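Peer 1: Could you have a look at this structure, given as structure tokens, before my questions?
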Amino acid sequence: EYARRFGEDVTVNVRNKELCSYIEELEERPNVIFDCVCTKTSLEEAVDMASAAGRVVELGFGDIKSEISHATLMKKEVDVCGTRLQTGKFPEAIRYIKEHQDLLEGFVTQQFPVERLKEAFDFVGRNPGLVRKAQILLNQD
């Protein structure tokens, strides 16, 4: 439900459904896929699931190598791109957030003062299903 507030057409809870099978059942394959999982197979699966002439946006930083066949890229004409070359967009992003603060409602699910940092990390580690983003408050003045 949270992702739909941002205009997502389809969301899948992979705890309840196997993603690749679900995509196979759709009339149309997604034309943009954001790989936020960032494992070896997630990038491979994203390329396989994308529509012809689709785009896969990779959000990971790991050193994991994926095996994507050249034939798949050529046949489907899928673009694979990263996200780190937009550092000049910070002022625009900050301005957008200021103008649309309602979109951030529910984004931060927990807040911890810096004095409780260990507790914050323990909580996030033990309760991944309850945490969207945990915020560490550095200055409470």
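The values are calculated or read from the model by the stated rules, or taken from the named source; none is laboratory data. Keep in mind the model is a prediction, meaning the values are calculated, not measured. Every residue, glycine as well, gets a Cβ built from its backbone with ideal geometry; the counts of neighbours run over all protein chains shown. Remember, those area values only see protein heavy atoms, side chains included, never the ligands or the DNA or RNA. Shrake-Rupley method; radii C 1.70, N 1.55, O 1.52, S 1.80 Å.
Peer 1: Round to the nearest 10 and give me the degree value, 0 to 90, for the angle of helix 117-126's Cα axis relative to the longest principal axis of the chain.
Peer 2: 40
Peer 1: With the full set of protein chains in place, find how many percent of the accessible area of the chain is carbon and sulfur; take the probe as 1.4 Å. It would help to have the intermediate numbers written out before the result.
Peer 2: On the way: 5900 of 11180 Å².
Accessible surface attributable to carbon and sulfur in the chain totals 53 percent.
Peer 1: Distance check, please: which entries in 17/118; 75/133; 17/76; 40/76; 98/133 exceed 28 angstrom between their Cα atoms?
Peer 2: Working: 17/118 34 Å; 75/133 38 Å; 17/76 25 Å; 40/76 20 Å; 98/133 19 Å.
In this structure, 17/118; 75/133 lie more than 28 Å apart at Cα.
Peer 1: Let me ask you something else. Please state the relative contact order of the chain as a whole percent: Cα pairs under 8 Å, 6+ residues apart? Numbers along the way, then the final one.
Peer 2: Values: 150 pairs, mean separation 22.6, N = 141.
Taking the mean separation of contacting Cα pairs over the length of the chain, I get 16 percent.
Peer 1: Still on this model: Could you list the trypsin sites (Lys or Arg not before Pro) in the stretch 83-141 that lie in coil according to DSSP, counting only those with at most 16 other Cβ atoms within 10 Å of their Cβ? Please list the in-between numbers first.
Peer 2: Working: sites: 84, 89, 95, 98, 116, 118, 126, 132, 133; in loops: 84, 132, 133.
Qualifying residues, ordered by number: 84, 132, 133.
Peer 1: If you don't mind, there's one more thing I want to ask. Could you state the accessible area per residue of the chain in Å², with a 1.4 Å probe and every protein chain left in place?
Peer 2: Values: 11180 Å² over 141 residues.
In whole numbers, the chain has 79 Å² accessible per residue.
Peer 1: Here is a further query. So, with +1 on the Cβ of K and R and -1 on the Cβ of D and E, and no other charges, what is the size of the charge dipole of the chain about its Cα centre, to the nearest 20 debye?
Peer 2: Values: 19 positive and 25 negative charges, 82 e Å.
Approximately 400 debye in magnitude.
Peer 1: Would you mind classifying the stretch 1-86 by shape? Square roots of the alpha carbon gyration tensor eigenvalues, ordered a ≥ b ≥ c; an a/c under 1.5 is rounded, otherwise it is prolate if a/b is larger than b/c and oblate if not. Write down the numbers at each step before the final one.
Peer 2: On the way: a/c = 1.45, a/b = 1.20, b/c = 1.21.
Rounded shape, in that the Cα axes give a/c under 1.5.
Peer 1: If you don't mind, another one. Given the rule -39500 (n - 2.57) for each run of at least 4 DSSP H residues, summed and divided by the residues of the chain, what is its mean residue ellipticity at 222 nm, to the nearest 500 deg cm²/dmol? Present the calculation step by step, with values, prior to reporting the outcome.
Peer 2: Working: 5 runs with 44 residues, N = 141.
Computed mean residue ellipticity for the chain: -8500 deg cm²/dmol.
Peer 1: Continuing with this model, one more query. I need the phi-derived Karplus couplings for the stretch 35-49: 6.51 cos²θ - 1.76 cosθ + 1.60, θ = phi - 60°, integer Hz, Gly and Pro marked x.
Peer 2: 8, 9, 7, 6, 10, 4, 7, 5, 5, 4, 5, 4, 5, 5, 7
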